[in-house]
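Laboratory data are not the source of any read-out in this text; all were calculated from the coordinates shown. For clarity, every value in this text was computed on a predicted model and none was experimentally measured. Ideal geometry is used to build each Cβ from the backbone, glycine not excepted, and the neighbour counts take in all protein chains shown.
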Amino acid sequence: MKALQLSADWQPKLDYTPSEEETRTRKVKSGSSVWRNPKLELATLPDPEVQPDEVLLEVAAVGICGSDMHMVESSDDGYILYPGLTKFPNILGHEFSGRIVEVGHYVNNLNVGDLVTAEEVNWCGLCDACRRGLVNHCTQMEEIGFTTPGAMAKYIAVKAKYCWKLDELAERLSNESEALVLGAMVEPTGVSYHAMFNRLSTWKPGNYAAVFGAGPIGLTAIALAKAAGASQIIAFDVSENRLETAEALGATTALTPPDNLNEALLELTRGHGVDFVIEAAGAPTHTLAPLTNGLAVGATVAHVGRSERPTSLSLEHYQVRGVQLAGSLGHAGHGTFPNVIRLMASGRLDLRPMVSARFSLDKAQEAFKRLESREDAKLMLLPNN
């Protein structure tokens, strides 16, 4: 089959010593400290073999994520930008949907022909974290498109326990192709959903919300905030195109970052400050660090964007104003995937304005090149078109 594969050189930085397990498995916790000179190419690889607890999907749609870009792009010294769990060579792609074409012997809840999407976080269900319900922090985690083969390919094999049907969405749209494109948006939307509604139970309708970063995660957060009853949604980004998309998805105000962030937030909220902040830009030194009295009393800050750089926070303001900060990772568990699918099917969460272009797998390199400017919201690959 055709597949988009990324390879890189194993060259740990001098200040990073891989563990024995990392050295043995080549699965590392800090990719940007080890992998150098990334190379993306369209390869011909064997079709996946389906295990008894898996299903084989003919991939219909797969989105290009910021994480994919950060694995392909490199710093001045040649190291990938993505700071998380990685193993190469590997097929990229973790935001996807497809049609089941083969079912493993032990699978009894899915059938050939079903339209599904799947969780990218492959939790084990056995470690202490999983047994406590913290599946996004599984200590034996694998990640589709990061440590195991991803969906930028004609086929992908996935354990049935990570799959969710798209029937309700397909019925509402009366268009299976469009349902599958939106099905590939469930994963990034799930990341925002988890940060906003699972990590801390502080969201309330009527909130003043601020979203930093109008990339895919920030845009889905804006759409969710609208669906969940935010009275104001203030979006910040450096791209005018993405700010326009933010407004299309529900932002009441869309701005390039102002010189005085707190002053701008206080003016927009009649001196109250913002109740809920979603950091999806991955630039906390520019977004979270300046925040002081622009935060309302009792505000919640959800940190979603990935960044390895140390960030100074005004903890005095957090303490005096009773601000809560939650780091958020992943999208699995808590009913997140089915709830996102239900919201899409209800019509209250329409993410179609985010999809600005669609490419065949043969044109994937062009899509990655186009995303370097960070002007598009979401580019979608259609591997079997």
Ellipsoid semi-axes in whole angstrom, largest first, where each is sqrt(5λ) of the Cα gyration tensor of region 110-174: 25, 15, 9
Positive minus negative residues near A228 (Lys, Arg vs Asp, Glu; Cβ under 15 Å): +3
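Report the Rg/Rh value for region 31-142, based on alpha-carbon coordinates and the Kirkwood definition of Rh.
Answer for region 31-142: 1.01.
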Residue of A296, A179, A43 that the Gaussian network model of the chain assigns the largest fluctuation, springs spanning Cα pairs under 10 Å: A43
Net length gained if the chain between K363 and D47 were fully extended (0.36 nm per residue, minus Cα distance): 111.7 nm
Net charge of neighbours whose Cβ lies under 11 Å from the Cβ of K161, counting Lys and Arg as +1 and Asp and Glu as -1: -2
Gyration tensor over alpha-carbon atoms, region 198-299, equivalent ellipsoid semi-axes in Å: 17, 17, 13
Estimated FRET transfer efficiency (L14, T139; beta-carbon r; R0 22 Å; 0.05): 0.20
Expected 222 nm ellipticity per residue - DSSP helices of 4 or more, -39500 (n - 2.57), all of the chain, to 500: -7000 deg cm²/dmol
For region 72-111, the Rg and Dmax computed from alpha carbons only, in angstrom: 17.1, 50
Mean Cα-pair separation over length for the chain, i.e. relative contact order, pairs under 8 Å, 6 or more apart, %: 17
Of T256, T25, T285, the one that fluctuates the most in a GNM where the chain has Cα springs shorter than 10 Å: T25
Gaussian network model of the chain, Cα within-10 Å springs - most flexible of Y208, Y193, Y16: Y16
Calculated FRET efficiency for the pair L200/E58, C-beta based, R₀ 56 Å, to 0.05: 0.90
Radius of gyration and Dmax over the Cα atoms of region 242-385, both given in Å: 18.2, 56
Debye, to nearest 20: dipole size of the chain, +1 on Lys, Arg Cβ, -1 on Asp, Glu Cβ: 540
Kirkwood estimate for the chain, i.e. one over the average of 1/r between Cα atoms, Å: 21.3
Within region 198-333: Cβ-based charge dipole about Cα centre, in debye rounded to nearest 20 (Lys, Arg +1; Asp, Glu -1): 440
Residue exposure sequence - S177, S314 - by fewest surrounding Cβ within 10 Å: S177, S314
Farthest toward positive dipole pole in the chain [+1 Lys/Arg, -1 Asp/Glu at C-beta], among V55, N385, N90: V55
Estimated dipole of region 1-110 in Debye, rounded to 20 [Cβ of Lys and Arg +1, of Asp and Glu -1, Cα centre]: 140
Members of K29/K369; K2/K39; K2/K154 lying beyond 18 Å, as alpha-carbon distances in this model show: K29/K369
Potential lengthening between N293 and S346 on full extension [0.36 nm per residue; Cα-Cα distance subtracted]: 15.3 nm
Cβ-defined net charge surrounding L266, 15 Å radius [Lys, Arg +1; Asp, Glu -1]: -2
Gain on full stretching of the segment that runs from H334 to H286 - 0.36 nm per residue minus C-alpha separation: 14.2 nm
Most positive-pole-ward Cα, M1, L126, L182, against dipole of the chain from beta carbon charges: L126
Cα-based convex hull volume of region 169-223 per residue, rounded to whole Å³: 99
